[in-house]
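A.B. asks: If you scroll down you'll find the structure; I have some questions about it.
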Amino acid sequence: MWNRAEIKARGKAAFKNNYWNSVLVSLIYSIFFMASGSTYRSRQGQIKEQLENNPDAAKILVAVLAVLGVIIVFGIVLKILVINPLEVGCSKFFLMNQTGRPQPMIIGDGYSQNYKNNVLGIFLKDLFIGLGYIAFIIPGVILSYSFRLVPYILAENPGISGPDALRKSREMMQGQKMNCFIYDWSFILWNLLVLVTCGIAGLFYVRPYKMNADAVLYQAIKGEASNPDAYNQYVNF
């Protein structure tokens with residue numbers, strides 16, 4: 001069974017070996033991911049203010065709802081067509097970063113290789129997790145861990161279909177969910193540091209460190225799924 005301390009140690013080593021490129025890739029993904037939701041949130045606040053200050057607000061309610069609808073659709077399209085393949089490309093960078101020093105442009109492979117399946121695979125992952133949270137929080141959490149490995153599977157297997165990536169992730173995560181949950185919570189103090197430093201620590205250390213460690217975790221889980229003894233060889237470094 002993989003060990004949290006070893007996973008984090010390997011992730012930290014890979015991060016330090018390619019520090020600035022790791023920071024840049026993490027920053028690119030964070031900017032695009034936040035942009036897909038901030039457009040709607042910022043416009044929502046502006047419209048709310050206009051409604052509160054406009055005595056004829058009721059008359060323009062339909063127009064406001066139409067604008068909100070367009071903004072929501074735009075955010076969804078941006079997430080599906082732009083952010084989804086970017087997530088796969090970033091996952092590929094951090095996988096390659098375990099054994100070398102890849103350049104940030106490698107994240108473009110999410111668009112140039114298997115683009116349609118990258119879009120579909122991440123879309124299905126988000127859809128099922130979202131439905132799980134709508135049904136109840138616990139199913140959403142369980143599904144989020146079941147499909148945790150989808151971006152890495154798509155990154156490592158350019159010919160795989162979206163649905164097959166989900167099935168493979170679910171199979172690989174059997175018996176791994178609780179351990180991964182504990183692993184995520186082991187970063188709680190780092191996350192508190194991010195809050196205390198207003199995100200600065202997250203930008204320059206915590207987030208790229210965690211993304212490197214997550215890639216190592218995927219490799220460990222993959223090794224155990226294919227061969228229970230594989231991880232014993234994998235950690236000898």
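A.B. asks: Charges only on Cβ, +1 for Lys and Arg, -1 for Asp and Glu: so what's the dipole of the stretch 76-139 about the Cα centre, in debye to the nearest 20?
C.D. replies: Numbers: 5 positive and 3 negative charges, 15 e Å.
It comes to approximately 80 debye.
A.B. asks: With a probe of 1.4 Å, find how much accessible area the stretch 79-237 has per residue, and write the answer as a whole number in Å². Don't skip to the end; give the middle numbers.
C.D. replies: Working: 7770 Å² over 159 residues.
Here the residues of the stretch 79-237 average 49 Å² of exposed surface.
A.B. asks: Next question, about the same structure. Using the Cβ atoms and a cut-off under 14 Å, what net charge is assigned to the surroundings of residue 165, where Lys and Arg are +1 and Asp and Glu are -1? Walk me through the intermediate numbers first.
C.D. replies: Numbers: positive: 92, 116, 125, 148, 167, 168, 170, 222; negative: 87, 126, 156, 164, 171.
Every neighbour counted, the sum reads +3.
A.B. asks: Multiplying the sequence separation of residue 116 and residue 9 by 0.36 nm and subtracting their Cα-Cα distance, what value in nm do you get? Intermediate results must be reported in sequence, preceding the final value.
C.D. replies: On the way: separation 107, 0.36 × 107 = 38.52 nm, distance 3.49 nm.
The span from residue 116 to residue 9 would gain 35.0 nm if fully extended.
A.B. asks: Which whole-number percentage describes the relative contact order of the stretch 109-237, with Cα contacts under 8 Å and a sequence gap of 6 or more?
C.D. replies: On the way: 103 pairs, mean separation 25.1, N = 129.
Value for the stretch 109-237: 19 percent.
A.B. asks: I want to check the label-to-label distance for residue 178 and residue 19. Put each point 7 Å from Cα in the C-beta direction and report it in nm to one decimal.
C.D. replies: 3.9 nm
A.B. asks: How many nm is it between the label spots at residue 142 and residue 32, if each spot is 7 Å from the Cα in line with the beta carbon?
C.D. replies: Rounded to a tenth, the inter-label distance reads 3.3 nm.
A.B. asks: Of all the accessible heavy-atom surface of the stretch 85-237, with the other protein chains kept in place and a 1.4 Å probe, what percent is carbon and sulfur?
C.D. replies: On the stretch 85-237, the fraction of accessible area on carbon and sulfur atoms equals 66 percent.
A.B. asks: Would you mind putting 70-83, 112-125 in packing order, based on average other-beta-carbon counts within 10 Å, highest first? Could you put the intermediate results ahead of the total?
C.D. replies: Numbers: 70-83: 15.4, 112-125: 19.8.
With the highest mean Cβ count within 10 Å placed first, the list reads 112-125, 70-83.
The values are calculated or read from the model by the stated rules, or taken from the named source; none is laboratory data. Nothing here was measured: the structure is a model prediction, and the numbers come from that model. With ideal geometry, Cβ positions are generated from the backbone for all residues, glycine too; neighbour counts draw on all protein chains shown. To get the accessible areas, we keep the full protein, side chains included, count just its heavy atoms, and leave off ligands, DNA and RNA. Shrake-Rupley method; radii C 1.70, N 1.55, O 1.52, S 1.80 Å.
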